[in-house]
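Each reported figure results from applying straightforward, stated rules to the coordinates on display, with no laboratory input. Being a predicted model, the structure only gives us computed values, none of them experimental. Neighbour counts run over all protein chains shown; Cβ positions are idealised from the backbone, glycine included.
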Amino acid sequence: MTTPATSTPPGPPPVSLSGPRFQTEPAELYREIRRDHGAVAPVLLDGDIPAWLVLGYRELHQVTGDPVLFSRDSDLWNQWEHIPADWPLLPMIGRKQPSILYTVGERHRERAAMISHALEAIDPFELKAHAEQFADELIDRFCGKGDTDIITEYAMLLPVRVLARIYGFPDDQGPGLVTAMNDMIDGRERALAGQQHLAESMVRLLAAKHAAPGPDVASHMLRDPAGFTDEEIAQDLMVMMAAGHQPTADWMGNSLRLMLTDDRFAASLFGGRHSVAEAMNEVLWEDTPTQNVAGRWVSRDTQLGGRRVSAGDLLLLGLGAANSDPQVRTDGSALTGGNNAHFSFGHGEHRCPFPAQEVAEVIARTGIEVLLDRLPDIDLSTTADALTRRPSPWLRGLTALPVTFTPTTASSPSPSGEPR
C-alpha cells in the first residue's frame, strides 16, 4: 500500500513508530529523534501511514491549548482513503465516534461536565475501601506462596476491578473486561475483538441501569440533565474504562519498580508513605505510563515547531518526550515533589478530568500501600536490568515484576471458613 507523504520535509527519513527501542530505551530514542528532527518529527504508523510526533514541551502545550487549529475531529484526517478496515490502530485512531474524545466545542464541555459530576459523586472513602478490599483479595491469592509476579497477579487486575464496581458492573465481569481492554490497547490482532467486547459490555450495563438505577457512575450519567443518548454514554464509559485501567495499572507497576530498584525509596518498603507519593510523582515525569497519544488533526495549513504542517495532518502527542524536553529540564532534575507540570494527564480542554485523575491516584496509591503493608519484606527476585517492557510506543508498562517475600496467611477466611 502506498500513501502520500504528510508534508514530508527534507532531511532524515521519517521515524517508524514501532520497534524494540520504544520498549528498551525510549528516553534515548526520543533524544535522538529530537536531535535529528527537532521538536516536531515525521513518523510512520502501521502500514507506513504518515503522521507527526510532537516532542517539544512548548509545542505540545501549543497544540493541546488550541482545540480549533489542532482539532480532535478525526474526520479531518487526510489519510482515511488509505486506512484498511482491519487496521489494528483503528480502536485508538478511529473515525469520529460519539464519545468525548471526538467531540469539540460546547458539546465537549457538556460531556466533560457530565463525566466530572458522575465521578465527583463517588464517595472518596468508599472508593478507597473498594480498592483496599480488592487489593486484599488479590494478595490473598498469592501471599502464602512467597513469590509472585506483581504485574499479572496484581497491578493488571486491581484497577479494573475497582472501576467496574464504581461504574456499576457486577464484580464477576471484571476479568473479562481487563482482557478486552488489554487486547484493544495493545493494538495488535485482537484489538478490534477487544473493542467489540467492551462495547457490548457497556450496552448491557446501561440496559441494566435503566431497569435498576443505583448510586454508580453509569446511573449518574444516565440521569444527567443534558440528555445524552445511551450510545454517547456507552462510548464515554468505554473511554473512561480504557483510560482509567491500563495507565493506572502501569502507574502502579512502574512506581513499584522504582521503589524496589532505587535506594532513595527504600523507606517506603518499611511503611513510609511520603516515599510512595514521591515515587508515583517521579514516575509521571520520568517513566509515564502514557507515552504517546493519538491525536490531533490540523484544521488548516500552519507552522509548528519550525515545520510546515498541512490541513488534515495527524499529530501524535509525545507526552513522555515532552516531559523530558531539555528546554524545560535544563538542570536534568526529576522535578518530583509538588511539581505537577508534567503532561502525563494531558493539557487543555481534552486533558484527563481532574476527578478521574483523583480516582486513578487513589487506586494506584492504595494498591501500593496495601501491598507494602501486607508484604513488608517484598524484594525483586531478578536484576533490574532483566525487567522488560511491553513492545508498545503508546503505553509504557512492565511485562513482569517478579518478587519474593516471606509467606503470610490470608487476611480473611475463605467461604468455607478455612484460611485462603
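Structural remarks
- Note on segment 55-177: with charges restricted to the Cβ of Lys and Arg (+1) and Asp and Glu (-1), its dipole about the Cα centre is near 400 debye.
- Sorting the segments 168-178, 354-364 by their residues' average number of neighbouring beta-carbon atoms within 10 angstrom, most packed first, yields 354-364, 168-178.
- Positive-end ranking of I49, M259, L17 along the dipole of segment 15-404, with charges on Cβ about the Cα centre, is headed by I49.
- Most tightly packed first, judged by the mean number of other beta-carbon atoms within 10 Å of their residues, the peptides 118-124, 316-322 read 316-322, 118-124.
- Along the axis of the charge dipole computed for the chain (Cβ charges of +1 for Lys and Arg, -1 for Asp and Glu, origin at the Cα centre), the listed residues S71, H342, T382 are led at the positive end by S71.
- In the distance distribution for segment 15-404, Cα-Cα pairs more than 30 Å apart total 39 percent.
- Nearest-0.05 FRET efficiency for D262 and E25, computed from C-beta distance (R0 30 Å): 0.95
- Rounded to 10°, Cα long-axis angle of helix 230-261 versus longest principal axis of the chain: 70
- Stretched out straight at 0.36 nm per residue, the stretch from A208 to D377 would grow longer than its current Cα-Cα span by 56.4 nm.
- The chain - mean residue ellipticity at 222 nm from DSSP helices (-39,500 (n - 2.57) per run, n ≥ 4, rounded to 500): -14000 deg cm²/dmol
- Against the chain, whose longest principal axis is taken from its Cα atoms, helix 26-37 shows a tilt of about 10°.
- The charge dipole of the chain, taken about the Cα centre with unit charges on the Cβ atoms of Lys, Arg (+1) and Asp, Glu (-1), comes to about 720 debye, rounded to the nearest 20.
- Angle between the chain longest axis and helix 158-167 axis [Cα atoms, degrees, rounded to 10]: 80
- Remark: relative contact order (the chain) = 26 percent; criterion is Cα-Cα distance under 8 angstrom and separation of 6 or more residues.
- Rh by Kirkwood over Cα pairs, then Stokes-Einstein D for segment 37-82 at 0.890 mPa s and 25 °C, µm²/s: 205
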